[in-house]
1. Find the residue count for the stretch 32-65, including only residues that are closer than 19 Å to residue 3 by Cα, in contact (Cβ under 8 Å) with a residue 40 or more places away in the chain and basic (Lys, Arg).
2. Mind checking which helices (runs of 4 or more DSSP H) fall wholly inside the stretch 1-76 and carry at least 2 residues that are within 17 Å of the chain's Cα centre (by Cα)?
3. Looking for something touching a residue at least 12 places away in the same chain (Cβ under 8 Å), more than 28 Å from residue 4 (Cα to Cα) and touching a helix residue (DSSP H, G or I) at 6+ places or on another chain (Cβ under 7 Å) - is there at least one such residue anywhere in the stretch 20-31?
4. Of the residues that sit in the stretch 26-55 and are among the small types (Gly, Ala, Ser) and modelled with pLDDT of 95 or more, which one is farthest from residue 65 (Cα to Cα)?
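The values are calculated or read from the model by the stated rules, or taken from the named source; none is laboratory data. Predicted model only: the values in this text are computed from it and were never measured. Cβ: placed from backbone, ideal geometry, glycine included. Neighbour counts: every protein chain shown.
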Amino acid sequence: MTSRFPAPWRIVEIPNGFAVDDASGQQLGVFYGRADPNAAGHTGFLTMDEARQMAVDFTRLPELLKRTSIRSLAANSKPQHERPSQTLARNGRHTPRQLRAC
């Protein structure tokens, strides 16, 4: 994702909202808001503060995706020194042989 859309992503204020651009200037997202919180609440639109916060969160996506992929790799890899019986006990599963031994 980040190779197609080079970092850093930046927030650009536009009329009635915020846009997120990548390092090459490609616009990746636009978040519109209303200056008057009462008008925004009654019409279902975001306020300017909410639109800004969504743009901030959007710019963090590459970092969050990188963290998530590292965590999933770590969770799916098993240490080579770990024995199958330890894995089964940690997962709460028991083989028939283990049940007889208890």
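1. Counting residues in the stretch 32-65 that are closer than 19 Å to residue 3 by Cα, in contact (Cβ under 8 Å) with a residue 40 or more places away in the chain and basic (Lys, Arg) gives 0.
2. Values: elements: 37-43, 48-59, 61-76.
Qualifying helices (runs of 4 or more DSSP H): 48-59, 61-76.
3. Looking through the stretch 20-31, none of the residues is touching a residue at least 12 places away in the same chain (Cβ under 8 Å), more than 28 Å from residue 4 (Cα to Cα) and touching a helix residue (DSSP H, G or I) at 6+ places or on another chain (Cβ under 7 Å).
4. If we filter the stretch 26-55 for residues that are among the small types (Gly, Ala, Ser), which is where we start, we get 29, 33, 35, 39-41, 44, 51, 55.
Within this subset, residues satisfying the condition of being modelled with pLDDT of 95 or more are 29, 33, 51, 55.
Numbers: 29: 17, 33: 26, 51: 21, 55: 16 Å.
Looking at the filtered set, the residue picked out is 33.
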